[in-house]
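Notes follow once the structure below has been shown.
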Amino acid sequence: MIRPDLEKALLEINLRISEESIQSFELFAAELKKWNRKFNLTAICNDTDIAIKHVVDTFFFAACLRSDDTLLDVGSGAGIPAIPLKIIKPNNSVVSVDAIGKKIMFQRHVARLLRLDRFEALHARVESLHSTHAGCFDVITSRAFSSLDAFVVLAAPLLKSGGRLIAMKGPEVQSEIDRTGKGLRALGFEICSVEHYTLPMNKGSRCLVTISAVNAHEQGF
């Protein structure tokens, strides 16, 4: 059960969630461990790490979203952050995409069990969405999916005007930012914020890198 570690972590970051949400996270974790024994969905599979690195990590990302944002999670794997985010923010429309069928099967299974509304898991490569979902999303995220410039190339056509890309990265992101800054500008995008945070229970540090079209934030988006 992830409940003890989840409750301890939430207390550490001074956050309260409903009993219904805790039960949903426990079901998600139980199904993840069960499926992982057969399909190898994720390397993070013990209770403490699921609670902190999959669930609580998503809370920091969730704080970046507005209540009416439509989200696409690129390369979502076992549905992280897409499924925890949907549990936290049930009113947001969430789409996840991954090229590996067994991972999408798992996401759809959990979505049925949790009766997630306005959640869609797509078995596809993200570039195939350019013809079907162009300009559809307010926010597009990825967690350790690709380099920043590759993320922009793949995801930018799917953004609404004024939309944001948010890359979930490890703590050593500055060297990548230094390498890709000029390339992002050439693509018409720029990094508008880098938020560093530390996970509870000494489970490491993370960064959220927000990218938008050049001058978009100056236009009131």
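The values are calculated or read from the model by the stated rules, or taken from the named source; none is laboratory data. Being a predicted model, the structure only gives us computed values, none of them experimental. Note that each Cβ is placed from the backbone with ideal geometry, even for glycine, and that neighbours are counted across all protein chains shown.
Tabulated results
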quantity: Within segment 125-136, tally of residues that are without any contact (Cβ under 8 Å) to a residue 24 or more places away in the chain, assigned to a loop (DSSP other than H, G, I, E, B) and either small (Gly, Ala, Ser) or within 17 Å of Gln23 (Cα to Cα) (or both); calculated: 0
quantity: Filter result for Lys33 (basic (Lys, Arg), modelled with pLDDT under 95 and either in a loop (DSSP other than H, G, I, E, B) or under 19 Å from Met105 (Cα atoms) (or both)); calculated: no
quantity: Those residues of segment 1-37 which are farther than 18 Å from Met201 by Cβ, of a type in the set (A, V, I, L, M, F, W, C) and touching a residue at least 40 places away in the same chain (Cβ under 8 Å), in sequence order; calculated: Leu27, Phe28, Leu32, Trp35
quantity: Pair list, Cβ < 6 Å and 6+ apart or interchain, from segment 38-56 residues that are at pLDDT 90 or above and among the acidic types (Asp, Glu) to residues that are assigned to a loop (DSSP other than H, G, I, E, B) and surrounded by 17 or more Cβ atoms within 10 Å (Cβ to Cβ); calculated: Asp47/Ile2
quantity: Residue selected from segment 106-124 under the condition in contact with a strand residue (DSSP E or B) (Cβ under 8 Å, 6 or more places away or on another chain) and in a helix (DSSP H, G or I), by the criterion surrounded by the most Cβ atoms within 10 Å (Cβ to Cβ); calculated: Gln107
quantity: Qualifying position, being buried (at least 17 other Cβ atoms within 10 Å of the Cβ) and more than 24 Å from Val95 (Cα to Cα), among Asp69, Asp73, Asp47, Asp57; calculated: Asp47
